[in-house]
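The structure under discussion is supplied below as structure tokens; questions concerning it will follow.
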Amino acid sequence: MATIGAAATTRKKPLLAQLKLDLPKYVILAPAIILLFMFNYMPIYGVLIAFKNFKAAKGILGSDWAGFHYFELFLRDPNFWRVMKNTLLINIGNLLFGFPFPIIFALVINELRSKKFVKFAQTVSYLPYFISWVVAASIIRSILSPSTGMVNNAIKFFGFEPIYFLSKSSFFQPLLIISGIWKGFGMSAVYYIAALAGIDQELYQAAAVDGAGKMRQAWHITLPGLRNIIIVLFVLQLGSIMSIGFDQVFLLYNPMLYETGDVISTYTYRLGFPDSGVPQYSLSSAVGFTQSLANFILVFNANRLAKKYAGWSLW
Amino acid sequence: MSKSEVCFQVFGYLVISLVLCTILLPVLNILAVSLSEKNAVIQNRVTIFPIGWETRSYQDILSMRNGVFLRTLGNTVFITVAGTIGALAVTVSAAYAMSTTFVGKKFVTFYFLVTMYFSGGVIPSYIINTNYFKLGDSYAILILPGLLSIFYVIVVRSQIEAIPPGIYEAASIDGATEFHKLFLITVPAIVPTIAAIAMFYALSYWNSWFNVMIYMRGSNKWTLQYLLRAIVMEQTLRADVQPLGTEPPPPLENFQMAAIVMVAAPIIAIYPFVQKYFVKGILSGAVKG
């Protein structure tokens, strides 16, 4: 790493003199440090709520200790195990179907001859990435509507009964996986398209001269060229196997779909902000803290693996 | 081209076109419904071309009670502009400082990295922000928490480190302060990166709605996304978002589709021109290391 300002700091100065010299840097860093303190570290301190019988009037420190009471409470709650199961199942579906999709999209696009069409296809494929989940979910709800949605119109056109996609719990996990692919594949494919563009074209020519067919070229040149980025993205996605974006599920589900659609983030939210009844702040915090902890362990190790096997590191 | 090559090309265009249809058809359908006349919508005859031509739903949205739409649009623009400018200032400053050496840098690095891996969660954040910082129902809560993403600090820092250190050394010898080096050397040298992360911040502010849902009490500080949620996803239209003045009321479908179009239109109109910044931003996060 290049050390900027090396000229000024090569000679070792007494700490106080050095601190004085560094003062402007602390000033420049101050806004970031304060923001993180307010919106990241204070909430981490707020996790104490999970270990207390939190009463707003008494504050966090003033509330009585509850020990691991709320952790025991959610571990005995069948709903908790249901959301764990759903979270894992949906993520496994995402790994199986959502992960390969952008790779295939990139591979096919890479072979197409018309550069104009490819550019158009990529631009269109980015569209769902730019719209919010609110817009995406509005579109999805509207096209799946049993009475007026275009999907059901097509189903009715072919003489079948309309399907109530958003009230049948058996459809919901596939719907989440498919809509997740729909929203993200264009931008995810960017990584692979860039990696494909980075492969030396002479390798293909040399292979062709040696008599290697398209399939063998793909196996021996294309796949090794994508290997690193595939490993990195796969491992990172594996690291987030305990979390599912709140927006997507929250904006598409309804109480009829909790059986298959409720996930940890929506469950945590509803405990804290119930439609009716008393907010269970401590219980919600306990679930949230457990998820944060699991995520931390998973993501941390995922990053280590990515570094070990593909030489990728974040910092 | 060999025969199998031709087959592959045809197949490829077909498959990709099919995939693109899953994006284009719904968008066109919603646009068509929003512009079609009432009867065609009720009879469910609209596909991807409007039947008739009816823009009343759009007028209805513009004239919602108390001008909620225009007010919400104003809020969203304000939050996006203020948030993005603030985020750039904080992010680039932090990235610059982290590219230099100073006493305690190891600690600050750790302090930054922890926040990428661990978060307190929704409820602790909510309690702290409302009970301790008293930020409930304020613009500040819609802007401040999004000002800093450590991931972008890392991206920007790696760009700053690519600037030849000789420039900084020469500037130091000429008596440049850290602020000179930040604003006069660093910022001009990384304009494309700044533009790219500006887009990411702007998009995330423009698309934000969750904090509106949990922190706002009235409709006066809503964002567009939250307004759309209120129009499209709640069982009954709240008093806040009902169309006013037109009798008889338009079919809900028209109104809702017009709302989707109006909220999505600015992004869909702009993104083809800025997509390259996003691609660049995404790749600079991936190739680091």
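The values are calculated or read from the model by the stated rules, or taken from the named source; none is laboratory data. On a predicted model such as this, the values are computed, not experimentally measured, just so you know. Methodologically, a virtual Cβ is constructed for each residue, glycine included, from the backbone with ideal geometry; neighbour enumeration extends over all protein chains shown.
Looking at the stretch A:116-131, which of its residues are in a helix (DSSP H, G or I) and buried (at least 16 other Cβ atoms within 10 Å of the Cβ)?
Within the stretch A:116-131, A:Phe117, A:Val118, A:Ala121, A:Gln122, A:Val124, A:Ser125, A:Tyr126, A:Leu127, A:Pro128, A:Tyr129, A:Phe130 qualify.
Right, something else. Let me confirm something: among A:Ile140, A:Ile90, A:Ile104, A:Ile33, which residue is within 11 Å of chain B (Cβ to nearest Cβ), surrounded by 20 or more Cβ atoms within 10 Å (Cβ to Cβ), within 26 Å of the chain's Cα centre (by Cα) and not in a loop (DSSP other than H, G, I, E, B)?
Criteria check complete, one pass: A:Ile140.
Still on this structure: So which residues in the stretch B:95-112 are under 26 Å from the mean Cα position of the chain (by Cα) and in contact (Cβ under 8 Å) with a residue 60 or more places away in the chain?
B:Ala95, B:Tyr96
While we're here: Quick one: which helices (runs of 4 or more DSSP H) lie wholly within the stretch A:214-259 and hold at least 2 residues that are aromatic (Phe, Trp, Tyr)?
Those helices (runs of 4 or more DSSP H) span A:246-252.
Would you check if B:Val191 is buried (at least 21 other Cβ atoms within 10 Å of the Cβ), within 19 Å of B:Val90 (Cβ to Cβ) and assigned by TED's automatic domain parsing to the domain that holds B:Met98?
Numbers: buried (at least 21 other Cβ atoms within 10 Å of the Cβ): no; within 19 Å of B:Val90 (Cβ to Cβ): yes; assigned by TED's automatic domain parsing to the domain that holds B:Met98: yes.
For B:Val191, the condition - buried (at least 21 other Cβ atoms within 10 Å of the Cβ), within 19 Å of B:Val90 (Cβ to Cβ) and assigned by TED's automatic domain parsing to the domain that holds B:Met98 - is not met.
Let me ask another. Keeping to the stretch B:135-145, report how many residues are within 9 Å of chain A (Cβ to nearest Cβ) and not aliphatic (A, V, I, L, M).
1
When you scan the stretch A:88-128, how many residues do you find that are in contact with a helix residue (DSSP H, G or I) (Cβ under 8 Å, 6 or more places away or on another chain) and closer than 22 Å to A:Gly225 by Cα?
18
A further question on this structure: Restricting to the stretch A:198-257, what's the tally of residues that are farther than 22 Å from A:Gly288 by Cβ and of a type in the set (Ser, Thr, Tyr)?
Qualifying residue count, the stretch A:198-257: 2.
Please work out if A:Ile199 is among the β-branched types (Val, Ile, Thr), closer than 30 Å to B:Tyr277 by Cβ and more than 25 Å from the chain's Cα centre (by Cα).
yes
Per-residue answers, yes or no, for (1) under 25 Å from the mean Cα position of the chain (by Cα); (2) surrounded by fewer than 15 Cβ atoms within 10 Å (Cβ to Cβ); (3) over 16 Å from B:Leu227 (Cβ atoms):
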| residue | (1), (2), (3) |
| --- | --- |
| B:Phe8 | no, no, yes |
| B:Val33 | no, no, yes |
| B:Gly67 | yes, yes, no |
| B:Thr76 | yes, no, no |
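Continuing with the same structure: For the stretch B:181-202, which positions are without any contact (Cβ under 8 Å) to a residue 24 or more places away in the chain and more than 17 Å from B:Ile85 (Cβ to Cβ)?
Within the stretch B:181-202, B:Leu184, B:Ile185, B:Pro188 meet the criteria.
With respect to the numbered conditions (1) farther than 30 Å from B:Trp209 by Cα; (2) assigned to a helix (DSSP H, G or I); (3) within 14 Å of chain B (Cβ to nearest Cβ), which one is the sole condition not fulfilled by A:Arg113?
In the conditions (1) farther than 30 Å from B:Trp209 by Cα; (2) assigned to a helix (DSSP H, G or I); (3) within 14 Å of chain B (Cβ to nearest Cβ), A:Arg113 misses (2) alone.
Let me ask something additional. Select the helices (runs of 4 or more DSSP H) contained entirely in the stretch B:24-102, then report the ones holding at least 1 residues which are assigned by TED's automatic domain parsing to the domain that holds B:Leu142 and within 30 Å of B:Phe151 (Cα to Cα).
So the answer is B:68-98.
Among residues belonging to the stretch B:113-134 that are assigned to a loop (DSSP other than H, G, I, E, B) and within 22 Å of the chain's Cα centre (by Cα), point out the one that is farthest from the other protein chains (Cβ to nearest Cβ).
B:Ser119
Can B:Leu142 be described as at pLDDT 95 or above and within 19 Å of the chain's Cα centre (by Cα)?
Yes: the conditions hold for B:Leu142.
Those residues that are of a type outside the set (A, V, I, L, M, F, W, C) and within 15 Å of B:Ala202 (Cβ to Cβ), I need them from the stretch B:82-116; list them, please.
B:Gly83, B:Thr84, B:Gly86, B:Thr91
Right, another one. Name the residues in the stretch B:20-34 that are closer than 17 Å to A:Phe130 by Cα and of a type outside the set (A, V, I, L, M, F, W, C), would you?
B:Thr22, B:Pro26
What single numbered condition from (1) of a type outside the set (Lys, Arg); (2) assigned to a helix (DSSP H, G or I); (3) within 7 Å of another protein chain (Cβ to nearest Cβ) fails to hold for A:Leu96?
Only one criterion is unmet by A:Leu96, namely (3).
Looking only at the stretch A:64-76, decide whether some residue is hydroxyl-bearing (Ser, Thr, Tyr) and facing another protein chain (nearest Cβ under 9 Å). Step through it out loud before you land on a result.
First pass over the stretch A:64-76, keeping only residues hydroxyl-bearing (Ser, Thr, Tyr): A:70.
Filter once more, so that each one left must be facing another protein chain (nearest Cβ under 9 Å): none.
Checked against the condition, which is being hydroxyl-bearing (Ser, Thr, Tyr) and facing another protein chain (nearest Cβ under 9 Å), the stretch A:64-76 yields no hits at all.
Right, something else. Kindly establish whether B:Ser158 is out of contact with any Asp or Glu (no Cβ under 9 Å at 6 or more places or on another chain), modelled with pLDDT under 95 and crowded, with 16+ Cβ neighbours inside 10 Å. Spell out how you get there, then give the answer.
On the way: out of contact with any Asp or Glu (no Cβ under 9 Å at 6 or more places or on another chain): yes; modelled with pLDDT under 95: yes; crowded, with 16+ Cβ neighbours inside 10 Å: yes.
When the stated conditions are applied, B:Ser158 passes them.
With respect to A:Phe246, is the statement that it is buried (at least 18 other Cβ atoms within 10 Å of the Cβ) and within 12 Å of another protein chain (Cβ to nearest Cβ) true?
Considered against the rule, which asks whether it is buried (at least 18 other Cβ atoms within 10 Å of the Cβ) and within 12 Å of another protein chain (Cβ to nearest Cβ), A:Phe246 comes out as no.
For the stretch A:176-234, name all the residues that are farther than 30 Å from A:Ile131 by Cβ and among the aromatic types (Phe, Trp, Tyr).
A:Tyr204, A:Trp219 - these are the residues of the stretch A:176-234 that are farther than 30 Å from A:Ile131 by Cβ and among the aromatic types (Phe, Trp, Tyr).
Does the stretch A:48-56 include one or more residues that are at the interface with chain B (Cβ under 7 Å from one of its Cβ atoms) and either modelled with pLDDT under 95 or part of a helix (DSSP H, G or I) (or both)? Outline the logic, then answer.
Just the residues of the stretch A:48-56 that are at the interface with chain B (Cβ under 7 Å from one of its Cβ atoms), to begin with: A:49, A:56.
If we keep only those that are either modelled with pLDDT under 95 or part of a helix (DSSP H, G or I) (or both) too, we end up with A:49, A:56.
Yes; the residues of the stretch A:48-56 include at least one that is at the interface with chain B (Cβ under 7 Å from one of its Cβ atoms) and either modelled with pLDDT under 95 or part of a helix (DSSP H, G or I) (or both).
One line per residue, one yes/no per condition, for (1) under 22 Å from A:Ile92 (Cβ atoms); (2) among the aliphatic types (A, V, I, L, M):
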| residue | (1), (2) |
| --- | --- |
| A:Ser167 | no, no |
| A:Leu175 | yes, yes |
| A:Ile178 | yes, yes |
| A:Tyr191 | yes, no |
| A:Ala207 | no, yes |
| A:Pro224 | no, no |
| A:Phe234 | yes, no |
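Do we find that A:Val134 is modelled with pLDDT of 95 or more, under 29 Å from B:Ala269 (Cα atoms), in contact with a helix residue (DSSP H, G or I) (Cβ under 6 Å, 6 or more places away or on another chain) and surrounded by 21 or more Cβ atoms within 10 Å (Cβ to Cβ) in this structure?
yes
Report whether or not A:Leu61 is hydrophobic (A, V, I, L, M, F, W, C) and more than 8 Å from chain B (Cβ to nearest Cβ).
Here the answer is yes, as A:Leu61 does meet what is asked.
Just to verify a result, which residue in the stretch A:262-315, among those that are more than 7 Å from chain B (Cβ to nearest Cβ), free of Cβ contacts under 8 Å to residues at least 24 places away in the same chain and outside any helix (DSSP H, G or I), is surrounded by the fewest Cβ atoms within 10 Å (Cβ to Cβ)?
Checked the stretch A:262-315; the qualifying residue surrounded by the fewest Cβ atoms within 10 Å (Cβ to Cβ) is A:Ser276.
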